[in-house]
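All remarks here apply to the structure that follows.
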Amino acid sequence: MPETTLQFAEIILIACGLMLITRSIFQYGKRTRDWTGVAKMFYQRVSMNVAEYKAYRLGVSAFILGVIIRIVNLTLWPV
């Protein structure tokens, strides 16, 4: 039962994280019309507004938490 709950939480967190990251990328691209800046977003600082930054950080946090849950799930209940 706990492994099923962790699997469900892992999938939800990773999916939500990816959706929030994608949302912030599209918000930035639509606002600035600089679609090459989207590629720079991952390795260089770009000027995002508050809503884009919050969505991006929340998405990264949710994604990382989903990966951590995946590691814990595989450690406690190996396949």
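Quick notes on this one:
- Accessible area per residue for the chain is 72 Å², calculated with a 1.4 Å probe on protein heavy atoms, without ligands, DNA or RNA.
- Value of relative contact order over the chain, rounded to a whole percent, pairs C-alpha under 8 Å and six or more apart: 53 percent
- Protein accessible area in the chain, 1.4 Å probe - carbon and sulfur %: 69 percent
- With Cα atoms, 0 to 90° folded angle of helix 50-76 axis to the chain main axis: 20 degrees
- Ordering Thr75, Thr32, Ala51 by Cα displacement along the dipole of the chain toward the positive end leaves Thr32 in first place; charges were set at the Cβ atoms of Lys, Arg (+1) and Asp, Glu (-1).
- Per the Debye formula on identical point scatterers at the alpha carbon atoms of the chain, with no solvent, log10 I(q)/I(0) at q = 0.13, 0.17 Å⁻¹ is -0.47, -0.67.
- Largest accessible area first, the residues Phe63, Phe26, Phe8 order themselves as Phe8, Phe26, Phe63 under a 1.4 Å probe with ligands, DNA and RNA left out.
- Spatial separation of Cα centroids for segment 45-59 and segment 1-25, in angstrom: 19 Å
The values are calculated or read from the model by the stated rules, or taken from the named source; none is laboratory data. Keep in mind the model is a prediction, meaning the values are calculated, not measured. Neighbour counts are summed over all protein chains in view; Cβ atoms, including those assigned to glycine, are modelled from backbone coordinates with ideal geometry. Remember, those area values only see protein heavy atoms, side chains included, never the ligands or the DNA or RNA. Shrake-Rupley method; radii C 1.70, N 1.55, O 1.52, S 1.80 Å.
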